[in-house]
1. What are the residues in the stretch 75-114 that are open to solvent by less than 20 Å² (accessible area, probe 1.4 Å) and among the basic types (K, R), if any?
2. Please identify the pairs in which a residue from the stretch 71-96 that is modelled with pLDDT of 90 or more has its Cβ atom under 9 Å from the Cβ atom of a residue that is in a helix (DSSP H, G or I) and β-branched (V, I, T), counting only partners at least 6 apart or on another chain.
3. Tally up the residues in the stretch 50-74 that are of a type outside the set (A, V, I, L, M, F, W, C) and in contact with a helix residue (DSSP H, G or I) (Cβ under 8 Å, 6 or more places away or on another chain), please.
4. Which of the residues that make up the stretch 2-38 are aliphatic (A, V, I, L, M) and not in a strand (DSSP E or B)?
5. Out of the residues in the stretch 60-70 meeting the condition of being of a type in the set (A, V, I, L, M, F, W, C) and modelled with pLDDT of 85 or more, tell me which one is surrounded by the most Cβ atoms within 10 Å (Cβ to Cβ).
6. If you scan the stretch 1-59, which residues turn out to be exposed (fewer than 13 other Cβ atoms within 10 Å of the Cβ), farther than 26 Å from V69 by Cβ, free of Cβ contacts under 8 Å to residues at least 12 places away in the same chain and of a type outside the set (V, I, T)?
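The values are calculated or read from the model by the stated rules, or taken from the named source; none is laboratory data. The shown structure was predicted, so the numbers you read here are calculated from the model rather than taken from an experiment. Glycine gets a Cβ as well: all are built from the backbone with ideal geometry, and neighbour counts include every protein chain shown. The protein model used for the area step is the full one, side chains on, heavy atoms only, and it has no ligands, DNA or RNA in it. Shrake-Rupley method; radii C 1.70, N 1.55, O 1.52, S 1.80 Å.
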Amino acid sequence: FTTILPRMKRRAAACGGQGDYANFECYEFTQFAGETVYIPHGWWHAVLNVTHTVGITQNFCSRRNFDVVWRETRGGRKKMACSWLRRLRERYPDLARRAEELNTRDGFVMWEDDEVEQKKWRRKRMEKERRRMEKKKGRERKGSTTEKERKEDKEEQKEDKGREKNITGSCGSSSSGRESKRTRVGSAREVSPE
């Protein structure tokens, strides 16, 4: 909300609705307690909870929309798609076969099978850890670290762990807490005024 969204808005304005930001639209609103928001399939979105909030989300994948969901997931959430495929093989072998058929037909290589992508990911991760350790050593050399610096280190480690977890985004949500500020970023044109 403070970095990425403003950057996207600036780039969209600078592009004049062309290129990567063709049909770019952004809706910002506040969702109050008890209200439900439906976010259509494929719409990018972000949520900022402005008070303590309990949110309930539901993602939906069925045999009917499996092909679309699988293609989006394998391309956008590569590690999660590997984990999902393993589970499909155990519980829904027919869907696992379908996923593998789609991969073959599209020439798609799964992240676990792509050594080049794995090497890039490991290098990036090692470089980030090296920079973090250098920063920490620099703090230790200059004396004791402040509480704020220790907190920053913990937050960075938490973020790294969070990125490694495979959690999906939501396609719809219901607010049973207080207020949430929701931002929808995407290219779909039809939006209900309420």
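1. Applying the first criterion (open to solvent by less than 20 Å² (accessible area, probe 1.4 Å)) to the stretch 75-114 yields 81-83, 85, 88, 96, 99, 102-103, 110.
Those that are open to solvent by less than 20 Å² (accessible area, probe 1.4 Å) and among the basic types (K, R): none in the stretch 75-114.
2. Within 9 Å, the pairs are A81/T73; W84/T73.
3. Of the residues in the stretch 50-74, the ones of a type outside the set (A, V, I, L, M, F, W, C) are 51-53, 55, 57-59, 62-65, 67, 71-74.
Now narrow it down to the ones that are in contact with a helix residue (DSSP H, G or I) (Cβ under 8 Å, 6 or more places away or on another chain): 63, 67, 71, 73-74.
Residues that pass the stated criteria total 5.
4. Filtering the stretch 2-38 down to residues aliphatic (A, V, I, L, M) leaves 4-5, 8, 12-14, 22, 33, 37.
Answer for the stretch 2-38, where residues must be aliphatic (A, V, I, L, M) and not in a strand (DSSP E or B): I4, L5, M8, A12, A13, A14, A22, A33.
5. First pass over the stretch 60-70, keeping only residues of a type in the set (A, V, I, L, M, F, W, C): 60-61, 66, 68-70.
Okay, now just the ones that are also modelled with pLDDT of 85 or more, so 61, 66, 68-70.
Values: C61: 16, F66: 16, V68: 12, V69: 19, W70: 22.
Here the residue is W70.
6. P6, R7, R10, A13, A14, G16, G17, Q18, G19 - these are the residues of the stretch 1-59 that are exposed (fewer than 13 other Cβ atoms within 10 Å of the Cβ), farther than 26 Å from V69 by Cβ, free of Cβ contacts under 8 Å to residues at least 12 places away in the same chain and of a type outside the set (V, I, T).
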